[in-house]
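Working notes, beginning with the structure itself.
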Amino acid sequence: MALPSIPVISAPAVLTVAEVARELRCSKAHVHNIVAGKVPNLPPLPILRIGRRMLVRAERLKAWLTELEAREIEAQKLTGFFR
């Protein structure tokens, strides 16, 4: 007897500022500052604008986080705090 298929819930392709803030565990205002390039030592987060609405592609958020992680690891290696 075949098992019933379980529906796969896929992640959304684009995220709102509130959803990005939830993923990053920060405020929406902080996400706006990151997007605007106002946070020191952080590259701006790429967004899509639809009118006044700001959306972030989930794949770009993941790539942005991967870039930050690589930068952090490199900084730790340079300072000797990397294990």
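Every read-out reported here was derived from the displayed coordinates using simple, explicitly stated rules and does not represent laboratory data. Owing to the predicted nature of the structure, the values given are computational and were not obtained by experimental measurement. Note that we place each Cβ from the backbone using ideal geometry, even for glycine, and neighbour counts take in every protein chain shown.
The residues 22, 52, when put in order of fewest to most other Cβ atoms within 10 Å, stand as 52, 22. Its relative contact order, with pairs defined as Cα atoms under 8 Å and 6+ residues apart, puts the stretch 14-79 at 28 percent.
Restricting the chymotrypsin sites (Phe, Trp or Tyr not before Pro) of the stretch 8-83 to loop positions (DSSP other than H, G, I, E, B) with no more than 12 neighbouring Cβ atoms within 10 Å leaves 81, 82. Counting 0.36 nm for each residue step from residue 36 to residue 76 and taking away their Cα separation leaves a gain of 11.7 nm. Each of 66, 50, 17 was placed along the dipole of the stretch 14-79 (beta-carbon charges, centred on the mean Cα), and the one lying farthest toward the positive end is 50. Figure legend: label point modelled 7 angstrom from the Cα of residue 28 along Cα→Cβ; residues of the stretch 40-65 with amide N under 19 Å from it are 45-58.
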